[in-house]
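Read the structure below first, then the notes.
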Amino acid sequence: MNNARWLGFGLGILVPVMAMAGSTLDTVQERDSVRCGVNAAQPGFSALDDGGQYQGLDTDVCRAIAAAALGDATKVDFVPLDSVERFTALQSGEVDVLSRTTTWTSSRDTTLGMNFTGVSYYDGQAFMVASDLGVQSAVELDGAAVCTQSGTTSELNLADYFRTHGMTYDAIVFDAPEQAIAGFEAGRCDILSSDASQLYAQRMQLADPNMAVVLPEIISKEPLGPAVRQGDDQWFNIVKWSLFAMLNAEELDVTQANVDEQLGSENPDVMRLLGQDSDVGEPMGINHDWAYQIIKQVGNYADIYERNVGADSGFNIARGLNALWKDGGIQYAPPIR
């Protein structure tokens, strides 16, 4: 491949990295779309609706980036990726950003040539068991057969949890979440283990959701968020501040419903957010109203959370850690000023 260089990612893995001409923003603007790597089928985060359109919290993050960079949230090309190919797709330039329920870890942040830009959802690994087993706690799982997905942090977390608790288990590993839930439903394993958010989505996909229950234990930290290639600070800043703009908007009570009214606000923080009193977009190479476009076309963080996984969705997942810092959670964004 004449136009590629190769990065060594540890463990003897070599991944081709395309030689990119110009900045990512230049490429995005010339193409007139953001190529966003997403999950193929995780309801609530990224899945096709009945009309064949991707919907979910992760896909709304992609739309926010397009609204900031191009002024149009619809200008996104969604690229479905499995857990194994997602990193190669980002590094090769197949996608401009990865927004695919991907956990921010030290090794991924330092050895894969990628930068995480923030946390769009604080998650944690859990266990789903067949209801008729009568299991009440994960400490009762000694000797269980556990379905999980390859190429994820779940595999490593399982080994750590069972070793720490002096238990054994039989790992049944699948390449895709659809295969894992099918294996669980068919009785190939007693337990399905993944991020709690994914388990809630998979439980709803069962023919009888009441056949399974998610146990209360959370065994890991899984901060999920968008990631970009290293080496392009401008694009890193655009993606990072697109997420921060939605969090700041929620904190300032600027919503998709009232953002036009808020253009007349005399609150200095609101004026800066909406580009009325400063142009914080200029250093990033984007329009002064970039945050307004995000909020108007996509919403603030509460808007995208509630409609995709919260109270306005079928999941009704409480905000928990994903509430703003002032509301008892840990979601926090630096100020726009």
Which residues' amide hydrogens lie under 5 Å from the amide hydrogen of Y54, considering only partners 5 or more residues apart or on another chain, with H built in the peptide plane? D49
Over the chain, average the accessible area per residue using a 1.4 Å probe and give it in Å², no decimals. 43
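Do the sum for the chain: with -39,500 (n - 2.57) for every DSSP H run of n ≥ 4, divided by all residues, what is the mean residue ellipticity at 222 nm, to the nearest 500 deg cm²/dmol?
On the way: 12 runs with 111 residues, N = 337.
After summing the helix terms and dividing by residue count, I get -9500 deg cm²/dmol.
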Under 5 Å between amide hydrogens, which residues at least 5 positions from I172 or on another chain qualify, with H placed 1.01 Å from N in the peptide plane? V146, C147, T148
Charges only on Cβ, +1 for Lys and Arg, -1 for Asp and Glu: so what's the dipole of the chain about the Cα centre, in debye to the nearest 20? 700
Checked against the positive end of the charge dipole of region 258-326 (+1 on Cβ of Lys and Arg, -1 on Cβ of Asp and Glu, about the Cα centre), the farthest of Y301, Q262, N316 is N316
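If the chain between A311 and Q53 were fully stretched, how many nm would it gain, using 0.36 nm times the residue separation less the Cα-Cα distance?
Values: separation 258, 0.36 × 258 = 92.88 nm, distance 2.15 nm.
Stretched fully, the A311-Q53 segment lengthens by 90.7 nm.
Would you mind calculating the relative contact order of the chain from Cα pairs under 8 angstrom and at least 6 residues apart, reporting the percent as a whole number?
On the way: 666 pairs, mean separation 66.5, N = 337.
Taking the mean separation of contacting Cα pairs over the length of the chain, I get 20 percent.
Compute the FRET efficiency between Q234 and D132 as 1/(1 + (r/R0)^6), taking r as their Cβ-Cβ distance and R0 = 41 Å, and round to the nearest 0.05.
Working: r = 55 Å, r/R0 = 1.34.
Given R0 = 41 Å and the Cβ-Cβ separation, E is 0.15.
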Could you check the spin-label model distance between D160 and T255? Points 7 Å from the Cα along Cα→Cβ, value in nm. 3.8
For region 203-337, give the percent of accessible area contributed by carbon and sulfur heavy atoms, probe 1.4 Å, rounded to a whole number. 48
Inter-label distance, nm, simple model (7 Å from Cα along the C-beta direction), T168/S107: 2.5
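The values are calculated or read from the model by the stated rules, or taken from the named source; none is laboratory data. If you're wondering where the values come from, they're calculated on a predicted model, not measured in any experiment. In this analysis, Cβ positions are derived from the backbone assuming ideal geometry, glycine residues included, and neighbour counts consider all displayed protein chains. Side chains included, ligands, DNA and RNA excluded: accessible areas come from the protein's heavy atoms. Shrake-Rupley method; radii C 1.70, N 1.55, O 1.52, S 1.80 Å.
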